[in-house]
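Before any comments, here is the structure.
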2 protein chains.
Amino acid sequence: MAFGHQKVESRRLLLREISQRGPVPRIDLAEHTGISRATVTSVTADLLRGGLIEEVPRESRADESARGRPRVDLKIAGAAHLIAGLKVSNDAMSLVLLDFDGVDVAHHECDIPTGRLPPDILAQHIQSGLTDLAQKAGRTLRDISAVGVGLAGVVDAQHGLVYWSPSLNARNVPFGDVLQDHLGIAVYLDNDANLVAMAEMTFGLGKAHSDFIVITIESGVGMGMVLGGQLYRGTRGCGAEFGHTKVHLDGALCRCGQRGCLEAYIADYALVREASSVGGMSLTTPTSQAVATVLTAAKSGDPTARKVVDRASKMFAMGLANLVNIFDPELVILAGEQMQFDHLYADTVIEEMRKSIVEIDKPAPDVVVHKWDNLMWARGAAAYALEFVQDTAVEALEDA
Amino acid sequence: MAFGHQKVESRRLLLREISQRGPVPRIDLAEHTGISRATVTSVTADLLRGGLIEEVPRESRADESARGRPRVDLKIAGAAHLIAGLKVSNDAMSLVLLDFDGVDVAHHECDIPTGRLPPDILAQHIQSGLTDLAQKAGRTLRDISAVGVGLAGVVDAQHGLVYWSPSLNARNVPFGDVLQDHLGIAVYLDNDANLVAMAEMTFGLGKAHSDFIVITIESGVGMGMVLGGQLYRGTRGCGAEFGHTKVHLDGALCRCGQRGCLEAYIADYALVREASSVGGMSLTTPTSQAVATVLTAAKSGDPTARKVVDRASKMFAMGLANLVNIFDPELVILAGEQMQFDHLYADTVIEEMRKSIVEIDKPAPDVVVHKWDNLMWARGAAAYALEFVQDTAVEALEDA
DNA sequence: CGACTTAAATTCGAAAAGCAAATTAAATTG
DNA sequence: CAATTTAATTTGCTTTTCGAATTTAAGTCG
């Protein structure tokens, strides 16, 4: 597109390549990018000079001839920058600090007041969380180059605008700007559902794939899409509302106010509601405990609980099949932290789903379950910010 | 990406720009692409010399000062190439011949034997159709630079491989190669559902949008997606099976053998089946007539017919809402040739759909109905081939 | 152990591509 | 018809990249 910045462009390209392929020798960079060896040498020299990458000795491999001048691996210089990622949930915040190479440096969790908060109050909590996080790594807030923030709700990532979030007491808040002014650090805001996809793409199972879908189930149902190697966000910043996909005409009531949403069948509150109201089970108040009760009962053969859980499984399989029919991805990742929903991740669901997709003489997409800890959300947020820091760093490189 | 071809790259970029923006003066090209005026002059000189574009006098406009040296518009030179597009249906073939500027030069329709044909027989029919088409324009088959072919079924466009098609009596046919060998012309194969999206993107309502969805209803339900300005095809060449999206658990039987597919509620055969079996209407044999009967009855208030049609509408609205919830597109185009399905394109359906999407403080996507003639499929096929011809032509340009 | 082989990385001169500034071209205006 | 305005082109220069030759850092062999 814009010419006149060619050098920046090739620097960016090579930095990306190094970042994605981990330690890689120059000759492979030339091979993969189509840039000549001479140019690779000169551009990587710039990146080395700027401290963005570093040389590491390459351990010998069986499949490589040991003769000739040995290859020298290049990798991202971890020490170049610090990037924080954080996810705000209902009553807590989890934070992670990564180095420029994506390696965990520190992590931190802290409680925040439950419910909707005024934007500047939330910003203050985030600031204190980040300060603590930095301290754990023996650094200060000022050492952090950028912060990625994941928020539930409807978020326009491009403009840092929060249309609506369960964490904020106002609508249409330019929370990205608010936070940036507050912290004095570059802030990149995103919907938390996208973070999962981001984390899988950068660190997880999606690394090797260019088209995949990530589904998460916790109290709601989240989804992220990577299409053509890029996170797809939709045009209004509210794409991928998989949980509010309709699976039944005039069906069960969803907390979003509509009927027949997938979430209204498979989310925790839905299971509990159904088991108690229709099935007549008497359940304790906190939803998380009640869910456990229902699931345990189902496993031990209680017919009422079984019915509820079975239907949830079938609905989930149907929703999944619809996604696969529409996208035809290479891979579907079911990602979750608590395995209280493992019944939805079971082989029977996957089997059911496979039966509902259009058959052709090519294998159906892989469906894999990826259990992870709750820091993965924060890592996704950091990965999102990391991309921007990479670009900024490349642009800031001075010429020799 | 690949350097060492920079000149080709800027030629390609400018040719694309001219092709998309219609007649456009050099100064605007410089403005829009970020390429300097000097370079635009030199690159367009190459394109002119190669006969790919031409200068046309610019008519004066009210909003432009008439002073100074007048702008000279550049446009694609129509005469540079001929591109054919064709769509194979059950018992017929429609063909269109476009010039390099996308303008219709000739069109043609012909019958082919009904049902599944051996690949080489179908290739022969295509050859004869193309020969007739060329003749209508006073040209010969050899004058055609490339042919785009749309086939129903599951098609891997990239490899020209047909996994399965109702038009072929074999599976996994490399029909692209078969046809190319037969004709001696470059052949680009694609699924017919994608052609609709291609046509809308190149000639139709999608011109101004980068993310939209096109839905077609005839005997089946088709869908094409344009995401980020590009046709999205999925990874196995069978994405966008919107018609086999499930809208009801264990629902109506679809001709694909599964249950609860959207198609099983809204396609022509589904309406007729339901009206006759459940509703007790007695209907004549050809589906197309029977559909008309049902729809007419519904309009004149027949309660049975009404029920059938109403449910179809609701199911369609639900399927549409699911798409919007997942993709969050700018625009949804309902494209159709026969308006026998206009009840599904009615305002009530659109209204119903709007109620089922997640609400945020931004307007819902536009939903528009685009009626078109059956040549539009063939035009989409030609548009697909046209892109390749453009690229090939640019690469073939010799240096001064 | 030193000459030879192999393969990666670097250097160097040349070529390509693009740009800014200056110039030319083609129109209107007064 | 001279002045003005704006588009397009030309010119000379800079930046960027590449190919080929060279250097470097190993292993191998006699």
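Summary table
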quantity	calculated
B:Gly234 without any contact (Cβ under 8 Å) to a residue 40 or more places away in the chain and not in a strand (DSSP E or B)	yes
Selection within the range A:243-270 - more than 8 Å from chain B (Cβ to nearest Cβ) and in contact (Cβ under 8 Å) with a residue 60 or more places away in the chain	A:Ile266, A:Asp268
Selection count, the range A:243-280, where residues are aliphatic (A, V, I, L, M), surrounded by fewer than 22 Cβ atoms within 10 Å (Cβ to Cβ) and closer than 25 Å to B:Lys355 by Cα	3
Qualifying residue in the range A:82-100 (condition: within 14 Å of chain B (Cβ to nearest Cβ) and either at pLDDT 95 or above or open to solvent by 40 Å² or more (accessible area, probe 1.4 Å) (or both))	no
Verdict on B:Ile18 being farther than 30 Å from A:Lys7 by Cβ, more than 13 Å from DNA strand C (Cβ to nearest atom) and of a type outside the set (Asp, Glu)	no
Index of the failed condition, A:His209 passing every other in (1) open to solvent by 10 Å² or more (accessible area, probe 1.4 Å); (2) modelled with pLDDT of 90 or more; (3) away from chain B (no Cβ under 11 Å)	(3)
Qualifying positions in the range B:35-81 - surrounded by 15 or more Cβ atoms within 10 Å (Cβ to Cβ), near DNA strand D (Cβ under 9 Å from one of its atoms) and within 14 Å of another protein chain (Cβ to nearest Cβ)	B:Thr39, B:Val40
Extreme residue, most open to solvent (accessible area, probe 1.4 Å), among residues of the range A:212-242 that are facing another protein chain (nearest Cβ under 8 Å) and of a type in the set (Phe, Trp, Tyr)	A:Tyr232
Any chance B:Cys256 is in contact with a Cys (Cβ under 7 Å, 6 or more places away or on another chain) and either modelled with pLDDT of 80 or more or not assigned by TED's automatic domain parsing to the domain that holds B:Tyr163 (or both)	no
Single unsatisfied condition, A:Val324 versus (1) in contact with a Phe, Trp or Tyr (Cβ under 6 Å, 6 or more places away or on another chain); (2) open to solvent by less than 30 Å² (accessible area, probe 1.4 Å); (3) at pLDDT 80 or above	(1)
Scope the range B:49-78; condition under 17 Å from B:Arg16 (Cα atoms) and not basic (Lys, Arg); matching residues	B:Gly50, B:Gly51, B:Leu52, B:Ile53, B:Glu54, B:Glu55, B:Asp73, B:Leu74, B:Ile76, B:Ala77, B:Gly78
Positions within the range B:13-34 being open to solvent by less than 50 Å² (accessible area, probe 1.4 Å) and within 11 Å of DNA strand D (Cβ to nearest atom), in sequence order	B:Val24, B:Pro25, B:Asp28, B:Leu29, B:Ala30
B:Leu344 being over 21 Å from the mean Cα position of the chain (by Cα), away from chain A (no Cβ under 13 Å) and modelled with pLDDT under 85	no
Out of B:Gly22, B:Gly34, sole residue that is on the phi > 0 side of the Ramachandran plot and in contact (Cβ under 8 Å) with a residue 24 or more places away in the chain	B:Gly22
Of all residues making up the range B:145-162, the number that are within 12 Å of another protein chain (Cβ to nearest Cβ) and under 15 Å from B:Ala193 (Cα atoms)	5
Every residue from the range B:154-183 that is touching a residue at least 40 places away in the same chain (Cβ under 8 Å), open to solvent by 10 Å² or more (accessible area, probe 1.4 Å), more than 27 Å from B:Ala335 (Cα to Cα) and not aliphatic (A, V, I, L, M)	B:Asn169, B:His182
Residue in the range B:1-12 that is more than 13 Å from DNA strand D (Cβ to nearest atom) and either free of Cβ contacts under 8 Å to residues at least 12 places away in the same chain or in a loop (DSSP other than H, G, I, E, B) (or both) present	no
Matching option when the condition is modelled with pLDDT of 90 or more, in a helix (DSSP H, G or I), closer than 18 Å to A:Thr392 by Cβ and more than 14 Å from chain B (Cβ to nearest Cβ), among A:Ile27, A:Ile18	A:Ile18
Qualifying residue in the range A:182-193 (condition: within 26 Å of A:His125 (Cβ to Cβ), of a type in the set (A, V, I, L, M), at pLDDT below 90 and assigned by TED's automatic domain parsing to the domain that holds A:Gly115)	yes
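The values are calculated or read from the model by the stated rules, or taken from the named source; none is laboratory data. Because the structure is a prediction, the values reported are computed rather than measured. Ideal geometry is used to build each Cβ from the backbone, glycine not excepted, and the neighbour counts take in all protein chains shown. Ligands, DNA and RNA are stripped out before the accessible areas are found, and what is left, the full protein with its side chains, is counted by its heavy atoms. Shrake-Rupley method; radii C 1.70, N 1.55, O 1.52, S 1.80 Å.
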